[in-house]
Every structure is written in C-alpha cells, then in structure tokens.
Amino acid sequence: MIKEFNENDNKNWNDLVSAFNELDYYSLFEWGNFKEKQGWIVKRYLFFEKNNIRLVFQALIKKKFIFKLIWIPGGILGNFNKNEILYIINFLKTKFGRNIVIRISFAKNFKREEYKILNDSKFIKIDSKNYANKTMKLDLSSKKILDKSFTKNWRHNLKRSFKYKNFVLDYDKKMLPKLIKIYREMEEFKNIDKLHDSNTLELLLQELKDLLIFKVYFSNKNDLQSFRCAILFNNYAWDLLAATSIKGRKNYSSYLVTYEILKECIENSVKIFDFSGINKKSNKGVYNFKKGTGSKEFEKLGLWQYHTFSFFNKLFKHLIN
C-alpha cells in the first residue's frame, strides 16, 4: 500500500529518508521545495508493508508535450522487488493517468539483481548528458590527518596553493554576481553549455542554505577565483557546485578551497564525501582531480525510464533531458 506524505515539516520527511542507506540529496525535503518553486508539482510517497515503511520516494511531476513526466531524481529508497516496482507503476498510472513517462535516477551502487528487476519491469536504462552513472566517494570516517589520503601530485598542488598567501572565506550572498561571472568564464573556456543562470542559482542557494558548506577563494586583490559548495546532511556530504576562473587555475585555488571544504566536513563528523558525477572520457581533468583526493570510484544503478509502449519509451529517451 502506498500513502502520500502530506506533512509540511521538513524534519519529519528528512528523518524518514535518513533511515535508508544510499540516500541522495535529491530526496531531501529542501530539494523538493526548490523544484516546486521552479514549477514542478512535488509529491512524497511511503510504501507500506503492513505497518512498516518499506520504500519511500519523492516525485516531481510536470506536463511534457501531451504526456506527464514523473521524475524521481533521488530514486526509490529501500530494497525493492519486482512486485513492488510493478505496484508503484500501477499506482502512478492510477494517480496521474496512463499516459505517463516515469524517469528514476538511482544513486545507489549498481547491483545486478536490481538491474534485472527494472529491466524485467519494462524500464530501459538510458544515458543523458545531464546525468553521470558513476561517482567518486571519499571516506572521511577515520581521517585524522586529511592530506594522507591525497596522491603525491594532489598534495604537491595543494602546497603550491599555500604559497600565494590568498585566503578562503565562507560564501556570502553578495558574492553571487562573481560566482556567475566565473561560471560564464568556465563555460567559454571549456566550450560547454550554460550551467546556471543567476535566478536559478540564487533560488537553489536560498532553499538549501541550512544544509550548505560553501567556501570561496579570494586573491589578495579581492578577486574571487574559485569556489566549492557541498550539501551536508547527517554524516554524509555531496559535492554540489564548483568552478574556478582562469586566474584561479594558475595558483591552484581549487585545491585549497576543496581542502577547506573537506576539513569542515570532518569537523562536522561527515563520514563520506560524495564528489558526485564523474565522466572520465568527457571530463578527464575533473575526474583526475577528484580521484587525487583518494576517492574511490563507484558505478551507480543509474538512470531509468518507463512508458507503457516501448516505441514511445525509446523516443523519450532522446527527447527528455
């Protein structure tokens, strides 16, 4: 049986999801609020077996063409079986109509049996430029001397960053225009699509402000050159935002600002720092940077999509990103 979670108290919802392993920040109440203010309808559901909560998920709903897209970015939390997946599909069809597209992003580690369950339930595995199927995780649980986990090259570049005698500060909302400037510079330098506009970034930081660790790197000329922002929840942290200017690359600022983020995570009893998506082929520099911290690579169960008819399912695979 599935029940909708109707309470508006984020603590109650976040307490529920925190009981599940391999939680992603996309399942948090604050992320749902952020997407709601972007125009999505947000629904939170509990799957019961008798009186016990077996599964939970946060769904975002929006009309896409003549279809309704149901996006579950944080995945279905809990260990599901095929009958439960089919029950969820039928529940969503009853709730939102049969003409729906269900897209689920699973952050949990890849397991062959769960892959088979989704495949047998007529989900298809998809690749998207906006989603990475692999991540890097750094174990901070036993870190007394942080830099012991770094590779020789990463540690060397961190020492280089100290020589410039610049400084790292906590983010202040007055710095937003400078963040946007660095993003535009980085996008042009790397020839990539626009990452964030000013309004989206401001809304994101406002809605998640109580969960963030945000460090910015300034030169001694008051020039913001690098920043990194992470979401902290319980004993877990996720990399959220990061960018470095061309000047910042020359003085290794990204190393120092990342080091300060990781130090604060340890001070807040974080056990795992998830560096989020990696793509060795398309962004080898970022891959090597994250790996150099001592992080280990993990394959996620990944991104899946469902529609009743396989033809439309394959079509939407390319239309929706």
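Brief remarks follow.
- Under the shape rule built on the C-alpha gyration tensor, where the axes satisfy a ≥ b ≥ c, region 20-150 is prolate, since a/c reaches at least 1.5 and a/b is greater than b/c.
- What separates the Cα centres of region 216-235 and region 250-305 is a distance of 14 Å.
- Highest-fluctuation residue, Lys300, Lys11, Lys43 considered, GNM on the chain with Cα pairs under 10 Å: Lys11
- Förster radius 45 Å - calculated FRET efficiency between Lys163 and Ile192 (Cβ-Cβ, nearest 0.05): 0.90
- Top of Phe48, Phe110, Phe123 by mean-square fluctuation, Gaussian network on the chain, Cα under 10 Å: Phe48
- Listed by Cβ neighbour count within 10 Å, with the fewest neighbours leading, Met1, Met136 appear as Met1, Met136.
- Calculated FRET efficiency for the pair Glu4/Arg98, C-beta based, R₀ 22 Å, to 0.05: 0.65
- Residues Ile213, Ile89, Ile192, sorted so that the one with the fewest Cβ neighbours within 10 Å comes first: Ile192, Ile89, Ile213
- Three-way shape call for region 141-270 based on the alpha-carbon gyration tensor, with the a/c threshold at 1.5: oblate
- For the chain, a simple Cβ point-charge model (Lys and Arg +1, Asp and Glu -1, everything else neutral) yields a dipole of about 1140 debye relative to the Cα centre.
- Förster-model FRET efficiency, 45 Å R0, Lys62 and Lys174, C-beta, rounded to 0.05: 0.85
- The chain: calculated mean residue ellipticity at 222 nm from DSSP helix runs of at least 4, using -39500 (n - 2.57): -10500 deg cm²/dmol
- Mean projected area of the convex hull spanned by the Cα atoms of region 75-161, taken over all viewing directions: 9.4 nm².
- For the chain, the percent of C-alpha pairs falling in each 10 Å distance bin, counted from 0 to the bin holding the largest distance, reads 5, 24, 33, 23, 11, 3, 0.
- Taking a Cβ cut-off of under 12 Å around Ile192, the surrounding Lys, Arg, Asp and Glu residues balance to a net charge of 0, with basic ones at +1 and acidic ones at -1.
- A full extension of the chain between Leu201 and Lys281 corresponds to an added length of 26.1 nm, given 0.36 nm per residue minus the alpha carbon distance.
- Each of Glu299 and Asn52 was given a label point 7 Å from its Cα along the Cα-to-Cβ line. The distance between the two points is 3.1 nm.
- Summing charges over all other residues whose Cβ lies under 13 Å from the Cβ of Ser276, with Lys and Arg as +1 and Asp and Glu as -1, gives +1.
- Most mobile of Lys173, Lys247, Lys129 in a GNM of the chain (Cα contacts under 10 Å): Lys129
- Residue order, fewest to most surrounding Cβ atoms within 10 angstrom, among Leu118, Leu212: Leu212, Leu118
Laboratory data are not the source of any read-out in this text; all were calculated from the coordinates shown. Nothing here was measured: the structure is a model prediction, and the numbers come from that model. We place every Cβ from the backbone using ideal geometry, glycine too, and count neighbours over all the protein chains shown.
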